[in-house]
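Down below is the structure, laid out as structure tokens.
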Ligand SMILES: Cc1cc2nc3c(=O)[nH]c(=O)nc-3n(C[C@H](O)[C@H](O)[C@H](O)COP(=O)(O)OP(=O)(O)OC[C@H]3O[C@@H](n4cnc5c(N)ncnc54)[C@H](O)[C@@H]3O)c2cc1C
């Protein structure tokens, strides 16, 4: 077996697979994806999967550019046209509508395994990509012009290693990149719920002092996916609560916006933390997605930012190839680091500010945030800026997020 590659991507999640697809469509680079899991992702249209992502319009354009959006759509997507946010502790509320920015939707709720399974199928069409599963990483060894990656099975070599192996990145640990971590002491409870009233393709979010609660609309009018951030103790208590008691508590916490909860499926918990690495690159190794940054899910931006990392790196590699330069050189990778670190930190800071603002129980803060939300709600131009930012329509986007038909 020839184990020499141009690029090795460690981690075959949504971010790693998307990078591989982009590169294989546009270059003749030889790529390996090393994945720890042993099995392929299952898709079953008969059930709603509990892990979902709010996908921005920028991410939709990325998937279109990769030629996978139609397949994702054929599995299942749930467009949302409005966002309705309110403060449980005051009068403040704000509503966003896609017509305010001339779009036909604000984004899509997509089950993670729909995206993952489509990407896994897609990479099999490219002979230049080899996917290895059940891989355990052992060691990285630097040579003059490449890196050796020792695994449980064999030794791989590549000019560039991309760490797309998630929040607990093994590559990041191996190469000794420091990570600034903050534990929120919160857990996100996710579940599929059936409500008495239809969601009307609206994503809802209520902020309570104890955390945020979102109802994300699925394709069926009375089915939503909830993401409820709670203190660790509360989350564990709610997770083991009797269904009937929990349904009432949930409807109440949601101010009965969609009436009583008629049914709830299995509840799952995810610990929440914020992470940001000190460096995105280190001698022929580059970090993307959750390996580089982890955000609170209240703004639904983690995978969207990770996709921007992947295709920004794609842009940098293409530019280097066009100029016959070494795409793994420090000079090239530093461009990627400057680009993505600034954008990710800005997003993380904005998410942190929203979280802290609503966590405060001080009277003055409550008054200010209510007045602030209501004021913004009536200022069309500021609202437009917010909406464009939330849907991913920003300046300095990488090429594949700008134009669907670029490759
Ligand atoms: C409750 C919750 C709700 C969220 N909602 C949203 C949302 O609405 N919108 C949004 O944009 N984001 C959301 N996020 C964030 C989003 O899920 C993550 O940002 C995203 O999954 C990160 O993708 P990734 O590919 O970087 O990492 P991962 O999804 O973690 O994938 C990493 C891959 O690497 C593999 N791997 C791990 N270790 C190794 C190893 N040592 N060797 C080889 N392979 C390895 C794993 O098996 C996996 O396949 C949410 C997160 C949570 C917890």
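Kindly indicate whether any position in region 105-124 is more than 12 Å from the ligand (Cβ to nearest atom) and more than 21 Å from the chain's Cα centre (by Cα).
Scanning region 105-124, I find at least one residue that is more than 12 Å from the ligand (Cβ to nearest atom) and more than 21 Å from the chain's Cα centre (by Cα), so the answer is yes.
If only one of 309, 326, 315 is surrounded by fewer than 17 Cβ atoms within 10 Å (Cβ to Cβ) and at pLDDT 95 or above, which one is it?
326
So which residues in region 1-22 are away from the ligand (no atom under 13 Å from the Cβ), assigned to a loop (DSSP other than H, G, I, E, B) and in contact (Cβ under 8 Å) with a residue 40 or more places away in the chain, if there are any at all?
1, 3
Go over the candidates 32, 36, 20 one by one and state the one that is within 17 Å of residue 68 (Cβ to Cβ) and under 23 Å from the mean Cα position of the chain (by Cα).
Only one candidate qualifies: 20.
Among the residues of region 348-407, write down those that are outside any helix (DSSP H, G or I) and under 18 Å from the mean Cα position of the chain (by Cα).
Selection gives 391, 392, 393, 394, 397, 398.
Here are some conditions: (1) out of contact with any helix residue (DSSP H, G or I) (no Cβ under 6 Å at 6 or more places or on another chain); (2) in a strand (DSSP E or B); (3) more than 11 Å from the ligand (Cβ to nearest atom); (4) under 30 Å from residue 97 (Cβ atoms). Residue 160 meets all but one. Which one does it not meet?
(4)
Is it fair to say residue 320 is within 28 Å of residue 182 (Cβ to Cβ) and in contact with a helix residue (DSSP H, G or I) (Cβ under 6 Å, 6 or more places away or on another chain)?
In short, no.
Counting only residues that are surrounded by fewer than 15 Cβ atoms within 10 Å (Cβ to Cβ), closer than 19 Å to residue 268 by Cβ and out of contact with any helix residue (DSSP H, G or I) (no Cβ under 8 Å at 6 or more places or on another chain), how many does region 47-91 have?
1
Could you list all residues from region 270-289 that are under 18 Å from residue 186 (Cα atoms) and either crowded, with 23+ Cβ neighbours inside 10 Å or within 9 Å of the ligand (Cβ to nearest atom) (or both)?
270, 271, 272
Between 118, 110, 141, which is part of a strand (DSSP E or B) and buried (at least 19 other Cβ atoms within 10 Å of the Cβ)? Lay out the reasoning, then the answer.
On the way: 118 fails: part of a strand (DSSP E or B); 141 fails: buried (at least 19 other Cβ atoms within 10 Å of the Cβ).
Every option except 110 fails the conditions.
Condition first: within 14 Å of the ligand (Cβ to nearest atom) and assigned to a helix (DSSP H, G or I). Now tell me which residues in region 23-43 satisfy that.
Of everything in region 23-43, nothing turns out to be within 14 Å of the ligand (Cβ to nearest atom) and assigned to a helix (DSSP H, G or I).
The values are calculated or read from the model by the stated rules, or taken from the named source; none is laboratory data. A quick note: this is a predicted structure, and the numbers were derived from the prediction, not measured. Neighbour counts run over all protein chains shown; Cβ positions are idealised from the backbone, glycine included.
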